[in-house]
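Take a look at the structure set out below.
Bear in mind that the values in this text are calculations on the coordinates, not laboratory data. Computed from a prediction, not measured in an experiment: that's the story for all the values here. Note that each Cβ is placed from the backbone with ideal geometry, even for glycine, and that neighbours are counted across all protein chains shown.
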Amino acid sequence: MERTFGKSILEIVQGDITKLPADAIANAANSRLAGGGGVDGAIHRAGGSAIMAELDVIRSRRRGCAPGSAVATTAGKLPAKWVFHAVGPVYESGEKGERDLLGSAYRACLALAEEKHVRTLSFPSISTGVYGYPVREASAIALSTVKAHLEGATCLQKVLFVLFDAGTLAAYEDALRSL
């Protein structure tokens, strides 16, 4: 499913984010930038040791990455040039700033895309795995944040949400229809 916003395409697919070519791939990272499970683990396994080597340097300088922010590294063996490691919030009650932090994580990736002159960017569903953010709420935040960015001046030609399972895909499709 896809829609055009401004001069850019926003597309939603089910698949493996590590296999689809893009200039940059967003990663649902942890604040330690230490690798982990889910999409983070898959990106590190597919991308190889070059990604963690760069994260080691970043950690030595800034001790990780706060929720709502992101850092860029090489993509190693992935079919991309960059990986944007975004840290989303751990969902508690929905009343502790989670919405703002999730939107900020997506905006941080979009800002890195502009800085690096990225034309294609792939996102997973940030914070909806082990961080427990409800997918229906997260999808609305993710898509409205990206839509707002694409409606302004941007170098992005295409933003792709690559979702792992059918339930997450359905939530994102519903959210896209609502925009």
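For the chain, a Gaussian network of Cα nodes joined below 10 Å ranks LEU163, LEU102, LEU20 by mean-square fluctuation, and the top entry is LEU20. For LYS96, the lysines whose Cα comes closer than 26 Å to its Cα, not counting residues fewer than 8 places off in the same chain, are LYS147.
GNM on the chain, alpha-carbon springs under 10 angstrom: the most fluctuating residue among ALA108, ALA26, ALA153 is ALA153. For the range 113-179, the Cβ-based charge dipole about the Cα centre amounts to some 140 debye (Lys, Arg positive; Asp, Glu negative; other atoms uncharged).
Here VAL130 and ARG45 are evaluated by their C-beta separation; at R0 = 22 Å the FRET efficiency comes out at 0.85. Once you sort the root eigenvalues of the Cα gyration tensor of the range 2-178 as a ≥ b ≥ c, which label holds: rounded (a/c under 1.5), prolate (a/b larger than b/c) or oblate (the other case)? Rounded is the answer for the range 2-178, as its axis ratio a/c remains below 1.5.
Footprinting exposure proxy ranking of ILE141, ILE58, fewest other C-beta atoms within 10 angstrom first, gives ILE58, ILE141.
Positive contributions from Lys and Arg (+1) and negative ones from Asp and Glu (-1), summed over other residues with Cβ under 13 Å from the Cβ of ALA166, come out at -3. Each Lys and Arg Cβ is given +1 and each Asp and Glu Cβ -1; about its Cα centre, the chain then shows a dipole of about 480 debye. Bridge orientation summary for the range 2-178: considering DSSP beta bridges with both residues in this region, about 35 percent are antiparallel.
Between the exposed loop cleavage positions of the chain, defined as trypsin sites (Lys or Arg not before Pro) in a non-H, G, I, E, B DSSP state with at most 12 neighbouring beta-carbon atoms within 10 angstrom, the longest gap is 97-179.
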